[in-house]
1. Based on DSSP H runs of at least 4 residues, each adding -39500 (n - 2.57), what is the mean residue ellipticity at 222 nm of chain B after dividing by all its residues, to the nearest 500 deg cm²/dmol?
2. Would you mind counting up the charge near residue B:182? Only other residues with Cβ under 13 Å from its Cβ, with Lys and Arg at +1 and Asp and Glu at -1.
3. Equivalent-ellipsoid semi-axes (√(5λ), Cα gyration tensor) for the protein assembly as shown, whole Å, largest first?
4. Of B:608, B:260, B:585, which is farthest on the positive side of the dipole of chain B, counting Cα position, with +1 on Lys and Arg Cβ, -1 on Asp and Glu Cβ, and the Cα centre as origin?
5. Provide the FRET efficiency to the nearest 0.05 for the residue B:100-residue B:261 pair, computing r from the beta carbons and using R0 = 45 Å.
6. Treating only the Cα positions of the stretch B:400-554 as identical point scatterers, give the base-10 log of I(q)/I(0) from the Debye formula at each q in 0.13 Å⁻¹.
7. So, in Å, what gap is there between the alpha-carbon centers of the stretch B:490-558 and the stretch B:326-367?
8. Please list, short to long, the whole-number percent of alpha-carbon pairs of the stretch B:365-422 in consecutive 10 angstrom bins beginning at zero.
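What follows is calculated from the coordinates using simple rules that are stated; it is not laboratory data. Treat the numbers as computed from the prediction; the structure is a model and nothing was measured. Neighbour counts run over all protein chains shown; Cβ positions are idealised from the backbone, glycine included.
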Amino acid sequence: MSNQNKSQSSRMRMLATAAKLSSVLAVMGVSNSILLNEANASEEKDEIKPLEMKKEDKVDEAGLKKLLNHAIESGDMKAAIEKYGKEAKLNDKHKELLRSFTKDELKDVEQIRDYLNGEKEIPFRTRRG
Amino acid sequence: MKDKQELNLSSKVVLVNMPIVTSQTPSLGLSVLKSELDARGIGCSVRYFNIDYAERVGLDILLDLEQLPTAQLVGDWIFSENLWGKDSSRDQEYIEQVLKDRANEHPHHDNRCVSDDVLSGIWYCRSVVDEFIDHCVDAVDWSQVKVVGFTSMFQQHMASLALARRLKADFPHLIIAFGGANCASDMGRVLMEKFDFVDAVCLGMGEHVFGDFVTALLSNKTPYNDKNFLIRGSIPSLPQIAVKPENMNNIPFPNFDDFFEQRVDQSSLSDEHLSMMVETSRGCWWGQKHHCTFCGLNNETMNYRFKSAERAMEEFVYLTKKYGDYTKTIAVVDNIIPMDYLRTFLPKLRDSSLSLDIFYETKANLRKEHLKLYRDAGLNIIQPGIESFSNRLLKMMKKGITGLQNVQFLKWCREFGVRPVWNYLAGFPGEVANDHYQQLEWFPLLSHFTPPDVSWIRIDRFSPYHSNPSQYGIKSLRPFSAFKFLYPEFTDEERARVAYYFIGDYEVAHDMFSYSEKVNRAVHQWQDAFEYSALFYFDDEDTLTIVDDRDCAVKEQIKLTGVDRWLYLECDQIRSISKLKSKVLERYPEAVNSIEERLQRLLDLKVMLVDDDKYLSLAVSIEHEYFPPQHTWDKVASNFSPA
């Protein structure tokens with residue numbers, strides 16, 4: 001496989017993971033902006049509305065954020081669910097969906113999180129700008 | 001008074017950085033002078049009074065001031081009263097004519113009329129000036145100092161003059177010297193003529209000549225009378241011709257110790273987003289051949305010269321090692337990156353472990369591999385001279401590039417995660433509405449690329465518009481009206497010599513006001529749409545899938561196979577129709593007669609642009625750094641089979 005194809009293929013896998021993450025989060029009633037760090041989240045970059053749902057199906061966003069970050073850092077979704085599942089108010093269906101994320105996919109989610117948070121600010125005024 | 005103790009007691013020279021200028025970066029000029037004097041064994045301190053001022057008024061209001069049109073010179077006006085004395089009617093006139101734009105010199109600038117909030121901030125900034133100048137006088141034991149050097153760029157002139165006047169009055173033994181961009185050429189001469197408390201003015205690059213000057217003074221010798229350096233009492237009668245090209249490898253590394261000490265170690269201001277300044281070249285290699293008509297960055301300094309790659313690398317390594325704990329951002333102040341660096345310096349940077357965020361100004365006619373090199377070397381923010389997509393306007397500007405090349409550049413920037421900072425320029429002598437309307441048609445198709453700010457051209461000193469106005473049909477060249485309030489005691493002729501920003505009368509399209517509104521609106525729409533727009537593709541060698549999530553999208557997903565896929569990939573780089581036909585003959589001879597029709601389909605789908613029979617694909621590959629906005633993720637879900 002050529003380098004270009006390898007790179008394309010890994011990016012496609014990442015895009016697939018992003019698509020999967022987006023649909024799983026929508027089921028939980030939260031948007032992708034849960035991956036933003038505090039500084040970026042406060043700018044309300046994401047205006048996407050999650051799916052309409054019953055109140056009891058909605059998870060606790062702060063708890064889910066901790067869970068996802070723990071899963072990303074540890075590469076172990078099961079342990080993350082064990083640790084934060086209750087705080088995130090996950091039901092069985094949510095747990096099942098989250099458990100389907102493999103270690104490789106969690107690595108992709110980490111990169112995706114970095115992309116979302118990575119927009120560089122311009123720390124100076126350019127001479128002609 | 002605490003600063004008196006902080007100042008190096010052996011400092012015979014104090015270099016001063018006055019407001020209003022950013023406190024996020026050190027002064028490169030003063031930091032180089034400090035090194036030059038250090039090397040000569042002369043004690044020198046750089047005093048960043050702009051930091052003290054920012055502590056008084058706060059960073060927020062200073063950021064507001066940065067958004068105002070530069071030629072309003074509000075930063076200078078804030079300090080002008082201290083220099084010239086109180087005059088309420090003059091103040092009122094400045095506010096009415098300049099800040100409220102009654103002079104109508106910024107007719108298309110979004111922020112030309114200041115809001116009441118910003119205006120009250122400006123008044124606050126002004127209200128602390130007298131006390132602030134007292135503080136500057138009090139903060140240093142000037143009786144121990146021999147030479148005070150002021151750097152003056154942009155809106156530092158009035159504050160610098162105000163403090164210089166006061167220091168000379170209180171400490172007549174001080175030798176007061178000025179340098180920096182505000183002193184270049186005739187601007188420096190008039191400074192010397194009109195302000196008798198100024199003893200010396202450097203008209204151009206000062207590192208060596210200032211060192212010679214100070215060395216002579218401290219050894220009680222008569223300073224050498226360099227043609228680049230005016231000294232009171234020995235000014236030659238002929239106009240000075242400034243600057244001889246220097247060997248840039250001989251310029252010392254800047255010393256930023258004083259900046260980081262005052263800005264981080266001693267200041268309560270936030271230490272986020274600080275950066276270092278570095279210079280790797282002077283002049284402009286493009287301007288030497290074709291001076292862009294609006295560019296006033298170079299006077300006699302156009303002659304291009306640059307540091308060797310080895311020397312530049314040494315400097316970057318040195319600065320990162322010394323100051324990397326404060327910041328890993330380096331803003332390079334060059335007018336334009338040396339082309340040699342694409343094969344010399346940048347590969348070294350890429351292969352180093354410095355991990356810097358670097359800013360450079362660049363020309364936009366680069367190849368794709370150059371953008372990749374930029375990204376790999378850490379050039380994450382760049383300022384390309386894009387200016388326009390109109391071939392006619394670009395030709396009038398002498399930019400040496402086409403509109404489609406500019407689009408290609410923006411696409412590759414997006415692909416490699418390099419952020420371009422660029423302006424869309426309008427208001428040129430000789431432009432017509434249609435020059436803009438044609439470009440505005442492209443804007444919705446480009447909404448996934450980094451948008452510009454819109455900027456209406458100004459006539460700057462040293463630009464061809466200024467030096468040869470009649471060639472461009474410009475009449476009655478005169479300084480912006482702000483200068484009248486900054487230099488109330490000057491004659492018109494003297495103001496024309498001290499000014500950098502000018503206006504002139506020239507023929508403009510009769511409907512300029514109507515199209516300027518459309519241009520401003522279109523740029524704002526692009527800025528808004530950029531956050532959520534996406535147009536990208538992925539390719540599995542049989543099928544190329546284009547995902548279109550722009551407001552102008554005709555289809556959300558387009559799948560291309562065979563000749564169409566090949567055509568789209570081929571037009572990643574600008575291709576002429578004749579080139580495409582000759583290439584398709586080799587691969588798909590049966591398709592040669594259908595090429596135009598296939599290209600037209602892609603044009604109809606708005607995923608390709610054509611200009612002058614040249615074609616360019618607009619979708620960004622996800623092969624490199626690009627990753628689509630979250631808005632788009634679920635729209636691609638159908639292409640995959642998630643678990």
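1. Working: 25 runs with 242 residues, N = 643.
That comes out to -11000 deg cm²/dmol.
2. Working: positive: B:189, B:461, B:497; negative: B:76, B:186, B:460.
Residues near residue B:182 contribute 0 overall.
3. On the way: eigenvalues 498, 205, 132 Å².
After scaling each eigenvalue by five and taking roots: 50, 32, 26 Å.
4. B:585
5. Values: r = 41 Å, r/R0 = 0.91.
My answer for the efficiency is 0.65.
6. For the stretch B:400-554, the Cα-only Debye profile gives -0.77.
7. What the calculation gives is 26 Å, centre to centre.
8. 25, 52, 21, 2
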